[in-house]
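Participant: Below you will find the structure I want to go over with you.
The values are calculated or read from the model by the stated rules, or taken from the named source; none is laboratory data. Worth saying up front: this structure is predicted, and the values here are computed from it rather than measured. Here the Cβ positions follow ideal geometry from the backbone for every residue, glycine too, while neighbour counts run over all protein chains shown.
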Amino acid sequence: MTPTWRGLNFVDGLAATYPQVIDYYLHGGRERVESAVSDLTKLLRLHTTSAHDAEVLEAADATATLTALAERVNAEDPHYSYDLMITHDPVDMENLDQHRLAVVVQQQTARFWVTIAVRARFEDAEAVRPRRYEWTLSPFSLGS
């Protein structure tokens, strides 16, 4: 492929089409992504002291919080998108959409299966920003 200069108007058009990329690199977007991922980690860290406490949190109780968090993480990160799933049964990995799938973490908690699928938004996302965090799920915690 021969490199071609398309002009400043083209570059300005890209900036207007993908403002989250400009925000990520120039206006603190990276810090907000890291904060959102940290919030996700904290939200899913279920510290319980008894079997009764484990039953206090129902999935329906967390719907608004999980939705807001998923929207925040997905709005801020120009490199990856995050699918958050809480299900009664494990997600069938063979039927999971594999398009640009970077990593999937799935673990059974006390009552549910928590699955986080991270997808590259573009082909070279891993080269531009390698994933810097690894998640380990256990029945009552999610650590980064």
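Participant: Quick check on my filter: what residues within region 103-120 are part of a strand (DSSP E or B), of a type outside the set (Gly, Ala, Ser) and in contact with a strand residue (DSSP E or B) (Cβ under 7 Å, 6 or more places away or on another chain)? Break it down into steps so the answer makes sense when it comes.
Facilitator: Keep residues of region 103-120 that are part of a strand (DSSP E or B), which gives 103-108, 113-120.
So of that shortlist, the ones also of a type outside the set (Gly, Ala, Ser) come out as 103-108, 113-116, 118-119.
Across region 103-120, the qualifying residues are VAL103, VAL104, VAL105, GLN106, GLN107, TRP113, VAL114, THR115, ILE116, VAL118, ARG119.
Participant: Just to be sure, is ALA102 exposed (fewer than 15 other Cβ atoms within 10 Å of the Cβ) and under 26 Å from GLY28 (Cα atoms)?
Facilitator: Numbers: exposed (fewer than 15 other Cβ atoms within 10 Å of the Cβ): no; under 26 Å from GLY28 (Cα atoms): yes.
In short, no.
Participant: Taking SER141 and the conditions (1) polar (S, T, N, Q); (2) in contact with a Lys or Arg (Cβ under 6 Å, 6 or more places away or on another chain); (3) at pLDDT 85 or above, which numbered condition does it fall short on, given that it satisfies the others?
Facilitator: Answer for SER141: the failing condition is (3).
Participant: Next question. Contact list please: Cβ distance under 6 Å, first residue in region 96-114 and closer than 18 Å to ASP124 by Cβ, second residue hydrophobic (A, V, I, L, M, F, W, C) and at pLDDT 85 or above, pairs at least six apart or on different chains.
Facilitator: Here the result reads ARG100/ALA120; ALA102/VAL118; ALA102/ALA120; VAL103/VAL118, each pair linking region 96-114 to a residue that is hydrophobic (A, V, I, L, M, F, W, C) and at pLDDT 85 or above.
Participant: Considering each residue of region 1-21, count those that are over 18 Å from ASN74 (Cα atoms) and of a type in the set (Ser, Thr, Tyr), and give that number.
Facilitator: The total comes to 2.
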